[in-house]
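Please read the structure below before turning to the comments.
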Amino acid sequence: MILKGQHVLSVKDFSLDLIHELFAVADNMRPYATRQKVTRVLEGAILGNMFFEPSTRTRVSFGCAFNLLGGEVRETTGLSSSALAKGESLYDTAQVLSGYSDIICMRHPDAGSVAEFAIGSRVPVINGGDGPNEHPTQALLDLFTIQKELSRQGRDIQELSLTMLGDLKHGRTVHSLCQLLSLYRGLKVQLVSPQALAMPTQYVDILENAGHQVVVSDKLDEGLPSANIIYQTRIQEERFATQAEANRYRGYFRLNKQVYSEHCQPNAVIMHPLPRDSRNDANELDNDLNLEPGLAIFRQTDNGVLVRMALFACILGVEDQLSKYERPVNWFPGLDPLRG
Amino acid sequence: MILKGQHVLSVKDFSLDLIHELFAVADNMRPYATRQKVTRVLEGAILGNMFFEPSTRTRVSFGCAFNLLGGEVRETTGLSSSALAKGESLYDTAQVLSGYSDIICMRHPDAGSVAEFAIGSRVPVINGGDGPNEHPTQALLDLFTIQKELSRQGRDIQELSLTMLGDLKHGRTVHSLCQLLSLYRGLKVQLVSPQALAMPTQYVDILENAGHQVVVSDKLDEGLPSANIIYQTRIQEERFATQAEANRYRGYFRLNKQVYSEHCQPNAVIMHPLPRDSRNDANELDNDLNLEPGLAIFRQTDNGVLVRMALFACILGVEDQLSKYERPVNWFPGLDPLRG
Amino acid sequence: MILKGQHVLSVKDFSLDLIHELFAVADNMRPYATRQKVTRVLEGAILGNMFFEPSTRTRVSFGCAFNLLGGEVRETTGLSSSALAKGESLYDTAQVLSGYSDIICMRHPDAGSVAEFAIGSRVPVINGGDGPNEHPTQALLDLFTIQKELSRQGRDIQELSLTMLGDLKHGRTVHSLCQLLSLYRGLKVQLVSPQALAMPTQYVDILENAGHQVVVSDKLDEGLPSANIIYQTRIQEERFATQAEANRYRGYFRLNKQVYSEHCQPNAVIMHPLPRDSRNDANELDNDLNLEPGLAIFRQTDNGVLVRMALFACILGVEDQLSKYERPVNWFPGLDPLRG
């Protein structure tokens, strides 16, 4: 496959064909991720899981995905403890760390840092998030989830009517998702946010140039009825100039059982990149929706493991060897085999 | 076994039968922990070792126990770097992280947090310590050690005369141990502490209601002579209102060679949950006892690995498969095979 | 081999014979480190990678080396989160942690701390750096690199003409290297530094007592022409009394393409313990040298993996079993197989 030996730095590197190939591999990962079987295809391989910005969820998801393929994980978390703080260039850091691993996943607070790192790396690098710029594996797992959820509804991706909701200005996940959606034609996309947190024009343009039907609104009840998938986001408080400014939007658009019943299609799918802010005054996605069949947020995070496993397998060229290194699961699997 | 697929949240969940079963499995773990043999029974399984409060010793003990069974470990340390700091609920964190692992060990600074987490988890959760509340695996390893040490003396658990010493007010390990001891009848328990740091009444009641013979004292030399096992504790300085208040009890009850020789039975067993505070002005358990055969503190911590291995094996239902995945040790074992 | 079951605390423990034996084993590690083959010789063994002072590079190098032999790694990073902060002695920490692993690598900010730790450890301990004192594996990988680089030039170690450059006062790597070089006789060593950062007399004496021809200078252009190997160092700013004092020496001796062309032998080898400070005003080793064939700094860090693998294998007594646990690499190796 074309991913073999390649870096994954941006969603812009992905064609529709490549995505279909990748998602087919991700589907093959489900029996291993849900503990119906074990594969040890990467036994002996090492992932350098280099998180120069903390992110428990993403870091553990990558690490787990590599372990599920049988590989080992070496990690770092945080910037201060690293040689970068002593003036080492990303080029040097990459040269050194790439001597320690077969593949590297890197997160860093600065936009463009991972691409710069990749230049110095002697092994493939996956962008685990470079500040305000990109987080391509999140976008891929979001698209994968959209397809799976539509498919559960008996729908094709061409029938997608997606409402993105909340802080569309700062949320890099919705930006990257726009980019991926531009590979399709003729979808319906509603962008609902306070005007000050509207989707940047460049991404609206990307959607419109792809021939999608785009509706921009600042009213919750306008954006919800037509959606078969709702993508709610957190107010990215850390990206505002002041906390006071951020506080103005706390809890601005709340999705809860009442709103959902009143305005949404039956079983409309709810996605969220997580974490959701469950503090009382924020609460953009209420816990009273937790038992709704349409709430896909944990299927979505589970899908992240599948997509990351698929990326590792394709980049390292083992996607056709999974069953060769297969074994039965000999322990009691706590995971619900029906999840995802 | 009854533990299969279960959470371990509290010592209150343990019956005497369950403990006997668990300890029998722990005994079976000794050849693997002492490097006479290797077992790979959990190869392919993943432990989520989620320490939202730092604890090197406990974290590494759990991780090591899982590795000794052949499994992989994904970890986190500390609260700030986690999504919890962005307002994520424990329910959400659990939903997400349980998609990444086969079993989770969790430590968190808040009482009740681990039980709350377990509600959201799709895999079994072991309480690695929830603040001032419980630390059940410590209590289990303490009881296991008491049995082993009595057995080394040719004694049965019914012959136990236990003196708990020091900060009995704040020490959650002694509280949990009281709980476990209440499963027995007719033991001798001496509680020796400064009056201000006395064992809370509820735990004294638990012991007395179980029919144990309880003596409360604030004098070191009253509590020691009758004990065949002494359980010394550290003044939990971090639990006091002020450092000045804590300082009053620094070094209040010191156990050293002179006190030991003068007041204790020959070869009386000394336990301690560790860390012991070896600073000059604290020094509740002096280094001049390090070569005493009765000093069981490192056998005690070694036992923690056995008990944690047993918990993992029983919860994941592989306790009868250990030898099936067995191999010889092909490297030079540095560990003293006679320890423990 | 004599290393079996031993601690590695100081370069002073190494004889020339031992070094030759160790380096021969390190050579055998190359096919595994460069992903031509996999060995699982230490499958089931556990490294306790205890970094009580942060160091991403060294920590990951040790962890990777152990993983490359098939073993598992349990880690800690940083002092504050550890029991040491609650007054636990190094003896106790060692007793506890050595119950969790087959071998320990330890780094700690205090000189002598690792040796003190080793007294309490029941498994072999490798010094991963004890503050200003020693970092023996760095010295070993430096000497290994010197031999390999000379060999690439068709030279024997006896033909070495080494120029050490920069902060020779604070750099523990150059001190340890002097120690190792004292095992040889009749080498040429140039020591070039600002007078205030000169090599301490004791190390000059060590070199002279070994019969080496030592030249001390504070002029860059005097030290370079005769060298076939140049060992540049970073100004160790963190070891100065004040930042102002450190700033005086920032960028004092810069090695760049122009200096290299003008003053150095063709293809003179450039080494550096890394990290190099690539900030504009420091920049002791310019990026314009990155494509010079003589720039050995990344071959040097790659060699660190080989030497650490060799140490693990020899200490655990498996250096003759590597091929017995060998497998082909079944994934696409991103690493340049010609590196190193």
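Condition check: at pLDDT 95 or above, within 11 Å of chain B (Cβ to nearest Cβ) and not in a helix (DSSP H, G or I). Does C:Ile126 satisfy that?
On the way: at pLDDT 95 or above: yes; within 11 Å of chain B (Cβ to nearest Cβ): no; not in a helix (DSSP H, G or I): yes.
Answer is no for this residue.
Within region B:68-89, is even one residue crowded, with 24+ Cβ neighbours inside 10 Å, in contact with a helix residue (DSSP H, G or I) (Cβ under 9 Å, 6 or more places away or on another chain) and closer than 29 Å to B:Tyr184 by Cα?
no
Assess whether C:Leu9 counts as being open to solvent by less than 10 Å² (accessible area, probe 1.4 Å) and of a type outside the set (S, T, N, Q).
no
A quick yes/no check of all residues on (1) under 30 Å from B:Leu69 (Cβ atoms); (2) among the β-branched types (Val, Ile, Thr); (3) at pLDDT below 95:
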residue	(1), (2), (3)
B:His212	no, no, no
B:Glu222	no, no, yes
B:Ile235	no, yes, yes
B:Gln243	no, no, yes
B:Asn247	no, no, yes
B:Gln265	no, no, no
B:Leu274	yes, no, yes
B:Gly294	no, no, no
B:Asn303	yes, no, no
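A:Glu208: part of a helix (DSSP H, G or I), within 14 Å of chain B (Cβ to nearest Cβ) and out of contact with any Asp or Glu (no Cβ under 8 Å at 6 or more places or on another chain), yes or no? Walk me through how you get there before you give the answer.
Values: part of a helix (DSSP H, G or I): yes; within 14 Å of chain B (Cβ to nearest Cβ): no; out of contact with any Asp or Glu (no Cβ under 8 Å at 6 or more places or on another chain): yes.
The answer is no for A:Glu208.
Checking the structure you have, find out if any residue of region C:193-216 is out of contact with any strand residue (DSSP E or B) (no Cβ under 8 Å at 6 or more places or on another chain), farther than 28 Å from C:Arg299 by Cβ and open to solvent by less than 30 Å² (accessible area, probe 1.4 Å).
Yes: one or more hits.
Which one of these is open to solvent by less than 40 Å² (accessible area, probe 1.4 Å), closer than 30 Å to A:Arg35 by Cα and in contact with a helix residue (DSSP H, G or I) (Cβ under 7 Å, 6 or more places away or on another chain): B:Phe117, B:Phe144?
Working: B:Phe144 fails: closer than 30 Å to A:Arg35 by Cα.
The match here is B:Phe117.
Just to check your reading of the model, which residue among A:Ala282, A:Ala296 is touching a strand residue (DSSP E or B) at 6+ places or on another chain (Cβ under 6 Å), away from chain C (no Cβ under 14 Å) and surrounded by 18 or more Cβ atoms within 10 Å (Cβ to Cβ)?
Result of the check over A:Ala282, A:Ala296: A:Ala296.
State whether the residues of region A:171-192 include one that is touching a residue at least 12 places away in the same chain (Cβ under 8 Å), over 22 Å from A:Gln147 (Cα atoms), not basic (Lys, Arg) and not in a helix (DSSP H, G or I). Even if it seems obvious, please write down each step before you answer.
Of the residues in region A:171-192, the ones touching a residue at least 12 places away in the same chain (Cβ under 8 Å) are A:171-192.
From the residues that got through so far, the ones that are over 22 Å from A:Gln147 (Cα atoms) too are none.
Scanning region A:171-192 turns up no residue that is touching a residue at least 12 places away in the same chain (Cβ under 8 Å), over 22 Å from A:Gln147 (Cα atoms), not basic (Lys, Arg) and not in a helix (DSSP H, G or I).
Of these, A:Val214, A:Val174, A:Val204, which one is of a type in the set (Val, Ile, Thr) and closer than 14 Å to A:Val11 by Cβ?
A:Val174
Residues checked against (1) within 21 Å of B:Val189 (Cα to Cα); (2) of a type in the set (Phe, Trp, Tyr); (3) open to solvent by 70 Å² or more (accessible area, probe 1.4 Å):
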| position | (1), (2), (3) |
| --- | --- |
| B:Lys219 | yes, no, yes |
| B:Arg234 | yes, no, no |
| B:Glu237 | no, no, no |
| B:Ala241 | no, no, yes |
| B:Pro273 | yes, no, no |
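Please work out if A:Tyr260 is farther than 21 Å from B:Gly87 by Cα, buried (at least 19 other Cβ atoms within 10 Å of the Cβ) and of a type outside the set (D, E, K, R).
Numbers: farther than 21 Å from B:Gly87 by Cα: yes; buried (at least 19 other Cβ atoms within 10 Å of the Cβ): yes; of a type outside the set (D, E, K, R): yes.
Yes: the conditions hold for A:Tyr260.
One residue is enough: does region A:95-105 have a residue meeting the conditions under 26 Å from A:Gln236 (Cα atoms) and not assigned by TED's automatic domain parsing to the domain that holds A:His263?
For region A:95-105, residues under 26 Å from A:Gln236 (Cα atoms) and not assigned by TED's automatic domain parsing to the domain that holds A:His263: present.
Taking only pairs six or more apart or across chains, which ones have beta-carbon atoms under 7 Å, a first residue in region C:85-101 that is more than 7 Å from every other protein chain (Cβ to nearest Cβ), and a second residue that is of a type in the set (Ser, Thr, Tyr) and crowded, with 23+ Cβ neighbours inside 10 Å?
Here the result reads C:Ala94/C:Ser121; C:Ser98/C:Ser121, each pair linking region C:85-101 to a residue that is of a type in the set (Ser, Thr, Tyr) and crowded, with 23+ Cβ neighbours inside 10 Å.
Provide a single number: the residues in region C:211-227 that are among the acidic types (Asp, Glu) and assigned to a loop (DSSP other than H, G, I, E, B).
Selection size over region C:211-227: 1.
Checking the structure you have, find out if any residue of region C:60-76 is within 14 Å of chain A (Cβ to nearest Cβ) and on the phi > 0 side of the Ramachandran plot.
yes
Residue check, A:Val38 against (1) more than 29 Å from A:Ala115 (Cβ to Cβ); (2) without any contact (Cβ under 8 Å) to a residue 60 or more places away in the chain; (3) hydrophobic (A, V, I, L, M, F, W, C), all met but one. Which one?
Answer for A:Val38: the failing condition is (2).
For region C:71-83, indicate whether the set of residues that are at pLDDT 95 or above and hydrophobic (A, V, I, L, M, F, W, C) is non-empty.
The answer is yes; a qualifying residue exists.
Just checking, does region A:252-260 include any residue being under 25 Å from the mean Cα position of the chain (by Cα), closer than 24 Å to A:Gln179 by Cβ, of a type in the set (Ser, Thr, Tyr) and modelled with pLDDT of 95 or more?
no
Going residue by residue through region A:328-335, is there one that turns out to be under 24 Å from the mean Cα position of the chain (by Cα) and either at pLDDT 95 or above or within 14 Å of chain C (Cβ to nearest Cβ) (or both)?
No, the conditions are met nowhere in region A:328-335.
Table: residues versus (1) in contact with a Cys (Cβ under 9 Å, 6 or more places away or on another chain); (2) under 21 Å from C:Arg327 (Cβ atoms); (3) within 14 Å of chain B (Cβ to nearest Cβ); (4) hydroxyl-bearing (Ser, Thr, Tyr).
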site: A:His7; (1), (2), (3), (4): no, no, no, no
site: A:Phe14; (1), (2), (3), (4): no, no, no, no
site: A:Gly44; (1), (2), (3), (4): no, yes, yes, no
site: A:Ser55; (1), (2), (3), (4): no, no, yes, yes
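Pairs, please: C-beta under 9 Å, at least 6 apart or cross-chain, first residue under 25 Å from A:Asp130 (Cβ atoms) and in region A:146-170, second among the polar types (S, T, N, Q) and exposed (fewer than 15 other Cβ atoms within 10 Å of the Cβ)?
As it stands, the answer is none, since no pair meets every condition given.
The values are calculated or read from the model by the stated rules, or taken from the named source; none is laboratory data. Computed from a predicted model, the values in this text were never measured in an experiment. All Cβ positions, glycine included, derive from the backbone under ideal geometry; neighbour counts span all protein chains shown. Calculation scope for accessible area: heavy atoms of the full protein, side chains included, ligands and nucleic acids excluded. Shrake-Rupley method; radii C 1.70, N 1.55, O 1.52, S 1.80 Å.
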